[in-house]
There are 2 protein chains.
Amino acid sequence: MTDDASSALLTDRYELTMLQGALHSGAANRRTVFEMFARRLPENRGYGVVAGTGRFLDALERFRFDSAALDYLADAGGLDDTTLSWLADYRFSGDVWGYGEGECYFPGSPILVVEGTFAESVLLETVALSIFNHDSAIASAASRMSLAAGGRPMIEMGSRRTHEMSAVAAARAAYLTGFSSTSNLEAGRRFGVPTAGTSAHSFVLVHDTEREAFEAQLRALGGDTTLLVDTYDVEEAVRTAVELGGSGLGGVRVDSGDLSSAAFRVRRQLDELGAPKSRVIVTGDLDEHAIQALAVAPVDGYGVGTALVTGSGAPTASLVYKLVARSARGTHELEPVAKRSVGKPSKGGRKWASRRLDASGAAAAEFVHEKEPQEEPRLRPLLRRLVAGGEVVGREPIDEARERHSRSIAELPETVHRMHRAEPVIPTRFEQPDPA
Amino acid sequence: MTDDASSALLTDRYELTMLQGALHSGAANRRTVFEMFARRLPENRGYGVVAGTGRFLDALERFRFDSAALDYLADAGGLDDTTLSWLADYRFSGDVWGYGEGECYFPGSPILVVEGTFAESVLLETVALSIFNHDSAIASAASRMSLAAGGRPMIEMGSRRTHEMSAVAAARAAYLTGFSSTSNLEAGRRFGVPTAGTSAHSFVLVHDTEREAFEAQLRALGGDTTLLVDTYDVEEAVRTAVELGGSGLGGVRVDSGDLSSAAFRVRRQLDELGAPKSRVIVTGDLDEHAIQALAVAPVDGYGVGTALVTGSGAPTASLVYKLVARSARGTHELEPVAKRSVGKPSKGGRKWASRRLDASGAAAAEFVHEKEPQEEPRLRPLLRRLVAGGEVVGREPIDEARERHSRSIAELPETVHRMHRAEPVIPTRFEQPDPA
């Protein structure tokens, strides 16, 4: 929960045993480039969304082996003194480039590029992947929900369906793709995401009658509050709500049944009772498809829980972190490297990326270059400098990521709105395809 | 990362607005019972596994609104001074019962029962659900993988595919269902889970040759280490591995291709090269079905990543936390309460649970009682006291949960081994079904 604790043990053990091996062979000090990318998008997705950059930069600054970590490692055994003292002095001193947070990505997009010695760069693999795989999975799902909602306000409310700390990151990821608010208070405190929420069924049930519960809520939270109307009988609850709240009642929430029919019925009833400005909020097992199906219903806002925090069928983004180049013994020149494992090939070499735009300014292709691309009209470079010589230089307010996401989506072809059986909406072109 | 930070803001905003409403109406001090249960199991599952109890008890003790939390809440607005000072003094003073951690559960099993005032109990909803929904989802998937592995060692290695803190909890949940170890170092430090792992493809690639990499690893980690043999050509790599490591080589790992064929080929080659004791470890997109399919292959251990940390298709356990009883105005007697929302009914009333055993000692049914059950042969009570008058009394070492899980599985009918199209392996019987 504290923001300044060490992140160094959020790491797979083999990063440290590899370090020990590389210290023995001398490969520890070789210059290397690691690249993070997705071999493919989850099924039926047209694009992915980069998220986690801000959290990764924080984790990088907190990646220090403090005495608690070193004591544990010494006790656990397997690491020699050379390795342990190397860890005690660890500070990443290299360079990192990455896609701007909120940017859309496609198969093969080099969304993070880490350049440094092998030893210092390999250690970051686990925590970098954990953060980007989680946050990008949530943002990728959330972005589609935001598109489906077509501008209607969305509340993220999935905290209870995921690990308590994932919940905080999920709220952040949802916000940067366009959600208006979250139920999660720690996301409010830590990241400044607006928070929302009024009451649950237990609040109605703990009172002797629904009327008493509504009275208490209106008195405690003011007339603009949203009353939950489906604990017993929706029609009766709406009648009571307007009787008590009057025409200034903020709104009502329906959390069960067929949400489309319910929205029409409740809207009509509110209008007839003289509360045409009271909002109809719907919640309950919503995902991008259910939201899209509700587009014609008179809904003023959606609350999304389970589907959001579980990535709507794709709970991880399948990003990998691969060594793509290193210097050979006795040189400082980078050489491309790539494994040849069956079904999991990778393309060697340091890469750059840009989005190619057509004459109208719409995205036409993702270009992956072997050299830094020249300035060109209709070519938008995608890699930003995040870390220079170990210093974080790419930190930005979350609202910048939110705006970048909005621009990135607006630039993509219209097929981005396709929710079913989607394929990558633009192709990825490698400047000189690697034969591997 | 620190273990003692406040958990109080890992909470949905509406828990606090409900508190404010209940302080206004006086319902805050009513005696209440909240119950956690699952309406159903994920599709094709025969049982669920309770996990998160130990982490929940820790979170409960850390559930204090410290000055950082209170400052944030005051700034965020919406809560009045009465509510804020109530929060400043918050300490849960009630009682909690729960299924033992590691116990199997079924639809309707009351796995957690919280008794206290409405105000103090409702506040725990979000963090309790976050912890149990995550940890139980992972444990439920992991348990099936352990069954499928039939006693062969399993390494949990999914950290990179989930949020960095979920990873720590997932390693713990996997361990309690029978996994032997984890890649996650923080799970080792915090929960004492044994850690494992040796090297990745980047370690081979950073060296000029695979041979140099193997030499370095053997020198740095000793002859009992496991060498990764699928970076280039598996057959050549195995030959080099035994040439360098000799008959005492710990093992080799294959992470790609058809793992069954690969295991047979590599086993034969190791035997022919005079290393019959070297282990064959397989990793790469394994889930319970893939593990089951490898039962006949000569495999000495499995590493499981993505499928484990994403709950193998069920990333959340769908547990809910519902008010089931409360005292009415002016009384201290508990009355059952239940909402009538379409499709989401709940059964009112405080409940107890026991597992009914047949003459052979095998589980025959899950009984949910309205009163504490009498001592009886063949009736195993399931609720343990976890918190008494606000004090945690049910803390236990993780190995107790691990042993409980093993006993609980052994007691279930043989259908527990069914991986496809499973249904709850024992029925849940309510002593007096609630008409709602």
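The values are calculated or read from the model by the stated rules, or taken from the named source; none is laboratory data. These numbers were taken from a predicted model, which means no experiment stands behind them. Methodologically, a virtual Cβ is constructed for each residue, glycine included, from the backbone with ideal geometry; neighbour enumeration extends over all protein chains shown. For accessibility, only protein heavy atoms count, side chains too; no ligands or nucleic acids. Shrake-Rupley method; radii C 1.70, N 1.55, O 1.52, S 1.80 Å.
Probing with 1.4 Å while keeping every protein chain in the model, the per residue accessible area of the protein assembly as shown equals 36 Å². Extents of segment A:313-436, largest first, come to 50, 38, 34 Å (Cα atoms, principal axes, whole angstrom).
Across peptide A:123-134, the mean count of Cβ atoms from other chains lying within 10 Å of each residue's own Cβ comes to 5. For chain B, the alpha-carbon coordinates run over 83, 58, 37 Å along the three principal axes, in decreasing order. Rolling a 1.4 Å probe over the protein heavy atoms leaves A:Ser183 with an accessible area of roughly 10 Å². Chains A and B together bury some 8300 Å² of accessible area, summed over both sides, with a 1.4 Å probe.
For segment A:234-389, the gyration tensor built on C-alpha atoms gives a prolate shape. Its axis ratio a/c (a ≥ b ≥ c) is at least 1.5, and a/b is the larger of a/b and b/c. Ordered from largest to smallest accessible area (heavy atoms of protein chains, 1.4 Å probe), the residues B:Val50, B:Val342 come out as B:Val342, B:Val50. Centre-to-centre separation between the Cα atoms of segment A:163-177 and those of segment A:309-354: 27 Å. Among B:Glu15, B:Glu243, the sequence by solvent-accessible area, most first, with a 1.4 Å probe is B:Glu243, B:Glu15. If only the Cβ of Lys and Arg carry +1 and only the Cβ of Asp and Glu carry -1, the dipole of segment B:3-89 around its Cα centre is close to 640 debye.
Amide H contacts under 5 Å for B:Arg384: B:Gly98, B:Tyr99, B:Gly100, restricted to partners 5 or more places along the chain or on a different chain, H placed in the peptide plane at 1.01 Å from N. The angle between the Cα long axis of helix A:13-25 and the longest principal axis of the Cα atoms of chain A comes to about 10 degrees, rounded to the nearest 10. Restricting the count to DSSP beta bridges whose residues both fall in chain B, what percent are antiparallel, rounded to a multiple of 5? Bridges in chain B are about 65 percent antiparallel. Within chain B, count lysine pairs with alpha carbon atoms under 21 angstrom apart where the residues are 8 or more positions apart or belong to different chains. Summing the qualifying lysine pairs gives 9. Rounded to the nearest whole Hz, the Karplus-based 3J(HN,Hα) values (6.51 cos²θ - 1.76 cosθ + 1.60, θ = phi - 60°) of segment B:171-184 follow the sequence 4, 5, 5, 5, 4, 6, 9, x, 4, 7, 6, 9, 7, 7, with x at glycine and proline.
Counting from the shortest, the label point at A:Leu244, 7 Å from Cα toward Cβ, is 7.3 nm from the same position in each remaining copy.
Would you mind counting up the charge near B:Ser25? Only other residues with Cβ under 13 Å from its Cβ, with Lys and Arg at +1 and Asp and Glu at -1. Surrounding charge for B:Ser25 is +1.
Gyration tensor over the Cα atoms of segment A:224-297: the corresponding equivalent ellipsoid has semi-axes (square roots of 5 times the eigenvalues, largest first) of 21, 12, 10 Å. Each residue of segment B:72-80 was assigned a 3J(HN,Hα) from its phi angle through the Karplus curve 6.51 cos²θ - 1.76 cosθ + 1.60 (θ = phi - 60°); the sequence is 4, 5, 5, 5, 5, x, x, 9, 8 Hz, with glycine and proline shown as x. Phi-derived couplings, Karplus 6.51 cos²θ - 1.76 cosθ + 1.60 at θ = phi - 60°, listed residue by residue for segment B:383-392: 8, 10, 6, 10, 9, 10, x, x, 9, 5 Hz, with x used for Gly and Pro. The residue among B:Ala213, B:Thr177, B:Pro276 whose Cα reaches farthest toward the positive pole of the charge dipole of segment B:147-313, with charges on the beta-carbon of Lys, Arg, Asp and Glu, is B:Thr177.
When the helices of the protein assembly as shown are scored as -39500 (n - 2.57) per DSSP H run of n ≥ 4 and the total is divided over every residue, the value at 222 nm lands at -11000 deg cm²/dmol. Sorting B:Asp399, B:Asp12 on solvent-accessible area from highest to lowest, probe radius 1.4 Å, gives B:Asp399, B:Asp12. Near the amide H of B:Gly250, within less than 5 Å, lie the amide hydrogens of B:Asp224, B:Thr225, all on another chain or at least 5 residues away, with H placed in the peptide plane. Rounded, prolate or oblate, given the Cα gyration tensor of segment A:380-436, with a/c below 1.5 counting as rounded? Because a/c hits 1.5 or more and a/b fails to exceed b/c, segment A:380-436 counts as oblate. For B:Arg31, the accessible area of its heavy atoms, probed at 1.4 Å with every protein chain present, is near 90 square angstrom. Could you estimate the translational diffusion coefficient of segment B:43-89 from the Stokes-Einstein equation, with Rh from the Kirkwood formula over C-alpha pairs, at 10 °C and 1.306 mPa s, in whole µm²/s? In µm²/s, the coefficient rounds to 118. Of all DSSP beta bridges confined to the protein assembly as shown, the antiparallel ones make up roughly 65%.
Taking every Cα-Cα distance in segment A:147-313 and sorting them into 5 Å bins from zero, the calculated P(r) comes out as 2, 9, 18, 20, 20, 16, 11, 4, 0 percent.
In a reduced charge model with +1 at each Lys and Arg Cβ and -1 at each Asp and Glu Cβ, the protein assembly as shown shows a dipole moment near 1500 debye about its Cα centre. Percent of C-alpha pairs per 5 Å bin in segment B:116-229, short distances first: 2, 11, 16, 16, 14, 13, 11, 7, 4, 2, 2, 1, 1, 0.
Inter-copy label distances for B:Phe264: 6.0 nm (label point placed 7 Å from Cα along Cα→Cβ; shortest first). Using a 10 angstrom cutoff on alpha carbons, build the Gaussian network for chain A and name the most mobile of A:Thr226, A:Thr177, A:Thr240. Of A:Thr226, A:Thr177, A:Thr240, the Gaussian network model singles out A:Thr240 as fluctuating most. In the protein assembly as shown, the portion of solvent-accessible area held by carbon and sulfur atoms comes to 47 percent [1.4 Å probe, whole percent, DNA, RNA and ligands not counted].
Taking the Cα centre of segment B:147-313 as origin and assigning +1 to Lys and Arg Cβ atoms and -1 to Asp and Glu Cβ atoms, the resulting dipole is close to 600 debye. Relative to the other identical copies, A:Val393 shows label-point distances of 6.1 nm, where the label point lies 7 Å from Cα along the Cβ direction and values run shortest first. Comparing mean-square fluctuations of A:His405, A:His332, A:His369 from a GNM of chain A with C-alpha springs under 10 Å, the top value falls on A:His332.
Result for chain A in a Gaussian network model with C-alpha springs under 10 Å: among A:Ala317, A:Ala170, A:Ala88, the largest mean-square fluctuation is at A:Ala88. Think of the protein assembly as shown as having a plus end and a minus end, set by charges on the Cβ of Lys, Arg, Asp and Glu; of B:Thr53, B:Thr162, A:Phe92, B:Thr162 sits farthest toward the positive end of this dipole. The tail of the calculated P(r) for segment B:259-327, taken as Cα-Cα distances beyond 14 Å, holds 67 percent of the pairs. Each residue was assigned an accessible area with a 1.4 Å probe, and for A:Glu212 the value is about 50 Å². To the nearest Å, what is the center-to-center distance of segment A:261-305 and segment B:10-50, using C-alpha atoms only? Distance between centres, Cα-based: 24 Å.
Computed on the Cα trace of the protein assembly as shown, the radius of gyration divided by the Kirkwood hydrodynamic radius gives Rg/Rh = 0.98.
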